[in-house]
Amino acid sequence: MAASQVGSKLAVYEGLLDVLLDDEMQLVEAIVSQMDICDADKLAKIFVHCFESRDMTLQLLERSVTREIEKTEYAQVLFRGNSLASKMMTVYSRLVGTQYLRSTLWPVMSAVVESETSFEVDPNRARDGEDLTDNLGKVRHHVEAFLAAILDSIDSCPTPLRKLCAALMASVDTKFPESHFKVVGGYFFLRYLCPAVVSPPAYSLMDSFPKKTAHRGLVLIAKSLQNLANNVPFSANKERYLLDMNDFIEANVERLNEFFEALATVDDEVELPPPADIDAAKALQVRVDLQRYLSANYDNIVAALESGCGADAAVVAQFADVMQTLQQTVAAEQSKAAKAKGESATELDGGGGDDEGGSSGNDGLVLNMELEWTEKPRDAVAITRDLLSRLKNMAESAVNDLVLSSQSQMTLAMLGSASDTSMDTPAAMIDMLGAIPSASPGRLADMRDPYEWSKIANSIDFSEFMVDTAELQKVDLAALGSRAATIAFWINVYNMLVLHTRLLVGKMPTSVFARKSFFSNYKYNLGGHLFSLDDIYHGVLRGNPRFQIKRRDERVEYVISAYDPRVHFGVSQLNASSPVIRIMTAETVFRKLLWAAITYCNREVSVSAEKRGVTLPKLFSLYATDFGPFKTDVWSVLGLWLNEDVKDVLSSFLKTGKYKISYKDMDYGPKVPVFETDSGAEAFAVFSARKDAEKAASESAAPGSSAPAAAKAIEVTASTDDGSDEIESVVVDLDELFVVNVEEEWNDEVRPAVAVSIDLVTHLGRLVKTFMYGWTSVAGSRQFRDFVLVAGELQKVSLAPLSANERKCFFINIYNTLVTHLYIMCGPPTSIFSRKSFFKKFKYNIGGYSYTLNDIYHGILRCNRKKMFKKSDPRLAYSIPPGDFDPRIHFACSNLTESAGPVRVYHPATIDVELDAQVAASIKRVIEIKPAKNKIYLPKIIDMNLSDFVKKKDMVYDFFKSYLDADDQAAIEAFPNTSKKLRVWYRDWQWAPDPQFLC
């Protein structure tokens, strides 16, 4: 865009600046009063650049500093957070102080940057054989050089910055006179000098970041300077490796205070230099951003002007008039351009700008691009483990002890507990607060976040962390290795990114729109691909069920196809309903996920025996199908993770089918604790040791003789601790949880299969009749519990010796036994969905293989008509041969409904007689004869399986004629219109329960 065009467009905004830059700053006050902290960075840049254009920035900063001090209760936190005043001071310092940084810091910085030696002093990060004492000596040497350069630079420090320091010191003296040196030092070092040392390219001191060893040296120098400015020695609990720098701090505190005194001593008559020269295109973009913000928040700003800020009516009217005029002017100018471009806009084109909406390819929202990584990356999981560990250390060192102690005591009092002397450390108090279930009566509704996030965001450690995340740009996602390493990497990356985003944004989102932006707009560059939080969670970890990552997207190859539902308990959204963050490795990820599921579910799931109610975390509703294709599958996975007392109550509900499920609302309050605590880690260690012992016992035991289960599994696996791919004893086949006769393994003598089937169906039929068909009563009886154990004998029966006739007898008996068993356990199925689950999910283990009702009916008795068994399925060997198919099995297999026949016991020697009797009895229950219409009604089961009985429809009566009693046959033969064709109709199937047992 030509300079003349930019100039004309800048002129359009002059009226808006007149209102904004009014001496009373009423519009500024209104904007700030309704501002979301997430907009602080944007507004800081807008305000500083706009005010600087008219040489008024110092007035704005002095006013903001005064307001900040007035509302601050403790001197220790002055300008340490992400307040608008703090951010404006940072923007202004960079705007007017870059040349000072070059002349003061670069001469001493270049010696570090050009050095080929290591500066590492942390034994946990040092290479083998490094001389840490020598390295610390080099760090100290350079720190002294930096300090000398800074102390000698007083005369070259820009007058605007010295004036700002003077205003700071004068304002602080009115309320916190003992803290004026700390406040000035906090601004000059924390907001200005140290960030430039840690991030030289951001302050135009270098074109790119120095190599990693040199950058580590700069970080250690910045830490030492920062502690000196704060007059805070290094502690043994944090950064013990810098304890030897404390004598340096003690020796130079007074020298630095004298520097601060001189820095803030400026003659009022000293003239300020001309305003900073701001590029015209950038100035235009700032005004465009201002208009966008004011338009988006217009109603809130007007309301603030009219009420909270007490602005004059004239100011409100002027603002409204200016915004309307600006909108019309912009629209008119843009309309001209739109004719050529074929588009329209609502503000003047500033050549880009901050689009907070973002897009999948918006590099401006990629958080690990502080530099381009050029070195060879380390192991991917090791990178994420180390970076996440550093975030954990930052969080634990930034706990507000006052807030934490207050909340702990309030919670103890609320829970009726006496003050506990063990609650004397932050770790103990966080442990106690974290034990309170989210959204429960025991949780403080107004709980404050004890973590000082702004302290972390402004720390040198976090600046170094942001630089070091660039290593992720070069990881090879296709070479992560084992499934364990892959899941560990992605869980760690997700938790890193959510923390990184939270620190940069300033707070967790509070609205639906803000949450959507938070989880979809901020990204990491991972191996050259951009991934947002939603991409990682819904696309990679959850197996991409809703195509978060499109099929043609290159990233689709990184989707984890072998989905593990426990990943829900490994990732955190940093709200109170989320799990804690655990640092994963390839060796521990599966066991930690199991532990995470156990601890989370026992903390968040509750049952009420009196109300027959179950309360589940919201994630079981949001992601129900992740735990299985049916809603009822959630009980199978909870059975793996809940404590026995809760499972006992839950089991009593499931047997009767009478219970109420409710889901907790999401609690978007702060997550306390964020990371797994020390006591949590100790409990995991105990759990892990127990699992090791179980595994060792399992490996030393003699292998069993039962055949392998053939049921389809949802894999929940774990690697051995040595990192191999061997599956350990925590592997669980979720499908097998629906096998209802494996409460105990059968180790007694095994009888012939047919004899077992006869005893089971007879025993269960008599039990049901004894309790007068009261399913709930049967379910709670000792006799039924005994029956379940006895049914375990089916696990070891041998089917190979059975003839086709014996097999038919056996499986009909077992089919009817399983139907009755499920009626007792679950109650009669009442909907199409519950019937689907009833016939397709629950099963018996028979001879080492699992069989559902459909497997027995269609796979065995109907000769695998519906291809229930594939050719490779070993159960196919027991299917009735097609030549031996008997259609009468349709009447013999009862589902205990009004349209089904009674349950009877079948014996190999008499099965033909028994089947004929069953067909006759079933027809007799429903047959209806209507002579006037030449019509008879037969059971629906015939129509549902017509091809199993006859080849043609008109042959139905002839087939079933022999099963009618003499009276019915005579009535049909006496039809008056014998010349007409007999019409056979079928009764609708009646699903209402009507069990009958002929046992």
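The values are calculated or read from the model by the stated rules, or taken from the named source; none is laboratory data. Please read these numbers as outputs of a predicted model, since none were measured by experiment. Glycine also receives a Cβ, built like all others from the backbone with ideal geometry; neighbour counts cover every protein chain displayed. These area figures cover heavy atoms from the full protein model, side chains too; ligands, DNA and RNA do not enter into them. Shrake-Rupley method; radii C 1.70, N 1.55, O 1.52, S 1.80 Å.
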Check: Near the amide H of CYS863, under 5 Å away, which other amide H atoms are found, from residues 5 or more places off or on another chain, if H is placed in the peptide plane?
Finding: ILE880
Checklist line | Within region 919-959, backbone nitrogen closer than 12 Å to the virtual label 7 Å beyond the Cα of ARG983 toward Cβ | finding: 930-937
Next item on the list: Note down the relative contact order for region 735-885 as a percent, whole number, built from C-alpha pairs under 8 angstrom at least six residues apart.
Entry: 27 percent
Check: Shape call for region 55-274 from the C-alpha gyration tensor, a ≥ b ≥ c root eigenvalues: rounded (a/c under 1.5), prolate (a/b greater than b/c) or oblate?
Finding: prolate
Next item on the list: Excluding residues fewer than 8 places away in the same chain, name every one of the lysines whose C-alpha is closer than 17 Å to that of LYS611.
Entry: LYS647, LYS655, LYS658, LYS660, LYS664
Notebook entry, point to check: ALA683 to ILE929: FRET efficiency via 1/(1 + (r/R0)^6), r the Cβ-Cβ distance, R0 51 Å, to the nearest 0.05?
Noted result: 0.10
Check: How many Å² of accessible area per residue for region 55-274, probe 1.4 Å?
Finding: 44 Å²
Next item on the list: Provide the gained length on full extension for the span ALA320 to ALA992, in nm with one decimal, where the gain is 0.36 nm per separating residue minus the Cα-Cα distance.
Entry: 234.9 nm
Notebook entry, point to check: Roughly how much of ASP279 is accessible, in Å² to the nearest 10, using a 1.4 Å probe?
Noted result: 80 Å²
Check: Using θ = phi - 60° and the Karplus form 6.51 cos²θ - 1.76 cosθ + 1.60, what ³J(HN,Hα) does each residue of region 541-551 get, whole Hz, x for Gly and Pro?
Finding: 5, 8, x, 6, x, 10, 6, 4, 9, 5, 4
Notebook entry, point to check: With every protein chain kept in the model, how would you rank LEU533, LEU371 by accessible area, 1.4 Å probe, largest at the top?
Noted result: LEU371, LEU533
Next item on the list: Report, in whole Å, the centroid distance computed from the Cα atoms of region 517-545 and region 815-856.
Entry: 41 Å
Check: Dipole magnitude of region 735-885 about its Cα centre, charges +1 at Lys/Arg Cβ and -1 at Asp/Glu Cβ only, in debye to the nearest 20?
Finding: 820 debye
Next item on the list: Using a/c under 1.5 as the rounded threshold, could you call region 580-643 rounded, prolate or oblate? The axes a ≥ b ≥ c are square roots of the C-alpha gyration tensor eigenvalues, and prolate needs a/b larger than b/c, oblate otherwise.
Entry: prolate
Checklist line | FRET E, pair SER156, ARG690, Förster distance 56 Å, beta-carbon r, rounded to 0.05 | finding: 0.25
Item checked: Extended-chain gain in nm, criterion 0.36 nm per residue less alpha-carbon gap, SER831 and ASP299 -> 186.4 nm
Next item on the list: Apply 1/(1 + (r/R0)^6) to the Cβ-Cβ distance of GLU250 and GLU271, taking R0 = 35 Å, and write down the FRET efficiency to the nearest 0.05.
Entry: 0.35
Checklist line | Projected label distance in nm at ASP36 and GLU375, using a 7 Å step from Cα toward the beta-carbon | finding: 3.8 nm
Next item on the list: May I ask you to give the percent of accessible area on region 55-274 that is carbon plus sulfur, with a probe radius of 1.4 Å?
Entry: 48 percent
Checklist line | Span from the region 451-503 Cα centroid across to the region 861-899 one, whole angstrom | finding: 55 Å
Check: Cα gyration tensor of region 463-508, axes a ≥ b ≥ c as square roots of the eigenvalues: rounded (a/c below 1.5), prolate (a/b > b/c) or oblate?
Finding: oblate
Next item on the list: Tell me which residues come under 5 Å, amide H to amide H, from GLY613 once H is placed; ignore anything under 5 positions away on its chain.
Entry: SER608, LYS660
Notebook entry, point to check: By what distance, in whole Å, do the Cα atoms of region 735-885 stretch along each of the three principal axes, largest value first?
Noted result: 43, 40, 26
Margin query: Let me spell out the model: positive unit charges on the Cβ of Lys and Arg, negative unit charges on the Cβ of Asp and Glu, origin at the Cα centre of region 55-274. What dipole size does that give, in debye rounded to 20?
Written below: 880 debye
Check: Quick one: Karplus J couplings for region 146-158, per residue in order, coefficients 6.51, -1.76, 1.60, θ = phi - 60°, nearest Hz, x for Gly and Pro?
Finding: 4, 4, 4, 5, 5, 5, 8, 9, 4, 6, 8, 5, x
Item checked: region 798-939 - Rg over Rh from alpha carbon coordinates, Kirkwood radius -> 1.00
Margin query: Before I look further, what does region 735-885 give for accessible area per residue, probe 1.4 Å, in whole square angstrom?
Written below: 43 Å²
Notebook entry, point to check: How would HIS821, HIS538 rank on accessible area, largest to smallest, probe 1.4 Å?
Noted result: HIS538, HIS821
Notebook entry, point to check: So which aspartates and glutamates can LYS933 reach, going by Cα to Cα under 18 Å and dropping same-chain residues fewer than 8 places off?
Noted result: ASP954, ASP968, GLU973
Check: Say the cut-off is 24 Å between C-alpha atoms; which of LYS836/LYS866; LYS516/LYS550; LYS841/LYS871; LYS138/LYS238; LYS618/LYS843; LYS223/LYS592 go over it?
Finding: LYS618/LYS843; LYS223/LYS592
Next item on the list: Check the straight Cα-Cα distances from LYS940 and name the aspartates and glutamates below 12 Å, setting aside those fewer than 8 residues away within the same chain.
Entry: GLU898, ASP988
Note to self: Give me the percent of accessible area attributable to carbon and sulfur for region 499-650, probe 1.4 angstrom.
What the structure shows: 53 percent
